[in-house]
Amino acid sequence: MKKVLVTGGAGFIGSHTVVELHEAGYTPVIVDNFCNSHPDVLDGIATILGHSPIHHNIDCTDEQAMRGVFAKEGPFVGVIHFAAFKAVGASVNDPLSYYRNNVHATEILLRIMSELDCTNLVFSSSCTVYGQPKQLPVTEQTAFQHANSPYGYTKQVCERIIQDVVAAPSSATSAVLLRYFNPIGAHPSGAIGELPIGVPENLIPYITQTAAGKRKEIVIFGDDYETSDGTCVRDYIHVVDLAKAHVAALHWLTGKSNVCDSFNLGTGEGNTVKEVIDTFVEATGTQVPHRIGDRRPGDVEKIWASATKAQEELGWKTTLSLKTALIDAWNWQQKLEEQ
Ligand code: UFG
């Protein structure tokens, strides 16, 4: 049995990755304390897998409990580390929680992995490490800009910690740093998807909740940017494509030792906020009331990925369109409304 430890496996990207690991013949072992996810996600995963996934309700900063998971479930052929806080604004208000949950948990995981000769780590990073890049598209060589938020800094710091651990003379650890662009969509089955707690911060759940009538309107954060229609540009990637990249990363790590490399995970194309709303309306036939508001502090104007390196080295590329992602997100929202 090829077991893979998946921290944060009940989260949005984590849950879809658990499904893809299963499809690829791995046995995922989830560690998640539901601090930013919902236990129902495990039922959704079970619907797709045909059985309940292995799960431990544990805080990744609890070193003893994490050691217990390795002792009970190990050995693991790899670890995929998603568990982290991810809200830019919240990190400004409560930086220490971010340093503890994102940085300290990563350090604990690396220490346990090193001691137990568990050598393959896939780390959940973000295009936030680039800030507002000076050149587009962003390649993996693009220089990091000063991190605008504690959240962004935790991703930069964790990448550096992992690189240092891999480079240590006695180390056997290998790692892949996956820099996500904007993950959206849901599993086509409608069994799992994005489950924001409270008012959504991200664009797509805000669109689907507005379309469903749960919110009056969506405010577009600024239309005076230097872009084709004045609204910000992002590289939106279907979460199922993104999940499959983690399987490709595990395959890439197999048989390698003492390597650490980073990969952008995006489509290679950017869309404006207005384009996303228009595509949603066109694809679903459902209106999304919206108006233009002020810019959101901290937003970068435009960013999209060069996805070439992931294609050449991981043998992975996106196959699902923006339209498909929006239809799947809408399908998921409608399932939620039925509950
Ligand atoms: N937007 C709106 N109205 C909304 C919500 C979002 O206009 O109600 C716009 C934003 O201004 C932005 C775009 O939609 O232009 C996408 O916003 P998201 O919040 O969905 O995504 P971000 O690109 O801001 O954030 C993502 C991740 C973060 C990560 C960040 C790095 O969700 O975790 O990229 O840049 F930190």
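The values are calculated or read from the model by the stated rules, or taken from the named source; none is laboratory data. This is a predicted model, so every value here is computed, not measured. Neighbour counts run over all protein chains shown; Cβ positions are idealised from the backbone, glycine included. Accessible surface is based on the protein model in full, side chains and every heavy atom, while ligands, DNA and RNA are left aside. Shrake-Rupley method; radii C 1.70, N 1.55, O 1.52, S 1.80 Å.
Annotations for the structure displayed:
- Scan of the range 290-315 for residues that are out of contact with any strand residue (DSSP E or B) (no Cβ under 8 Å at 6 or more places or on another chain), farther than 19 Å from I204 by Cα and surrounded by 14 or more Cβ atoms within 10 Å (Cβ to Cβ), ordered by number: T308, Q311
- Of all residues in the range 181-228 being among the aromatic types (F, W, Y) and within 8 Å of the ligand (Cβ to nearest atom), the one that is surrounded by the most Cβ atoms within 10 Å (Cβ to Cβ): F181
- Between G78, G152, G131, the distinction of being within 14 Å of the ligand (Cβ to nearest atom), touching a residue at least 60 places away in the same chain (Cβ under 8 Å) and closer than 21 Å to F12 by Cβ belongs to G152 only.
- Total residues in the range 186-220, condition of a type outside the set (A, V, I, L, M, F, W, C) and farther than 27 Å from T17 by Cα: 6
- Residue match in the range 244-252 (condition: open to solvent by 30 Å² or more (accessible area, probe 1.4 Å) and either hydroxyl-bearing (S, T, Y) or within 16 Å of the ligand (Cβ to nearest atom) (or both)): no
- When T267, T286 are screened for being over 17 Å from the mean Cα position of the chain (by Cα) and either among the charged types (D, E, K, R) or outside any helix (DSSP H, G or I) (or both), only T286 passes.
- Of the numbered criteria (1) within 16 Å of the ligand (Cβ to nearest atom); (2) surrounded by fewer than 16 Cβ atoms within 10 Å (Cβ to Cβ); (3) outside any helix (DSSP H, G or I); (4) not basic (K, R), the one D278 fails is (3).
- Checked against (1) farther than 30 Å from A147 by Cα; (2) open to solvent by less than 70 Å² (accessible area, probe 1.4 Å); (3) of a type in the set (V, I, T), T318 passes all but a single condition, namely (1).
- A search for C-beta distances below 6 Å between a residue of the range 27-42 that is in a loop (DSSP other than H, G, I, E, B) and any residue that is of a type outside the set (A, V, I, L, M), counting only pairs 6+ apart in sequence or on different chains, returns D32/G8; D32/G9; N33/N57; N33/D59; S37/G11.
- Close pairs (6 angstrom Cβ cut-off, 6 or more residues apart or separate chains): touching a residue at least 12 places away in the same chain (Cβ under 8 Å) and at positive phi in the range 245-273, hydrophobic (A, V, I, L, M, F, W, C) and crowded, with 23+ Cβ neighbours inside 10 Å anywhere: G268/A305; G268/A307
Yes/no per residue for (1) open to solvent by 60 Å² or more (accessible area, probe 1.4 Å); (2) among the hydrophobic types (A, V, I, L, M, F, W, C):
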site	(1), (2)
I58	no, yes
D62	yes, no
G74	no, no
V79	no, yes
F82	no, yes
L96	yes, yes
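- Any chance P95 is in contact (Cβ under 8 Å) with a residue 24 or more places away in the chain and more than 19 Å from the chain's Cα centre (by Cα): yes
- Residue check for I162: in contact with a Phe, Trp or Tyr (Cβ under 9 Å, 6 or more places away or on another chain), over 24 Å from A245 (Cβ atoms) and either hydrophobic (A, V, I, L, M, F, W, C) or open to solvent by 10 Å² or more (accessible area, probe 1.4 Å) (or both): no
- Extreme residue, surrounded by the fewest Cβ atoms within 10 Å (Cβ to Cβ), among residues of the range 114-128 that are polar (S, T, N, Q) and within 16 Å of the ligand (Cβ to nearest atom): S126
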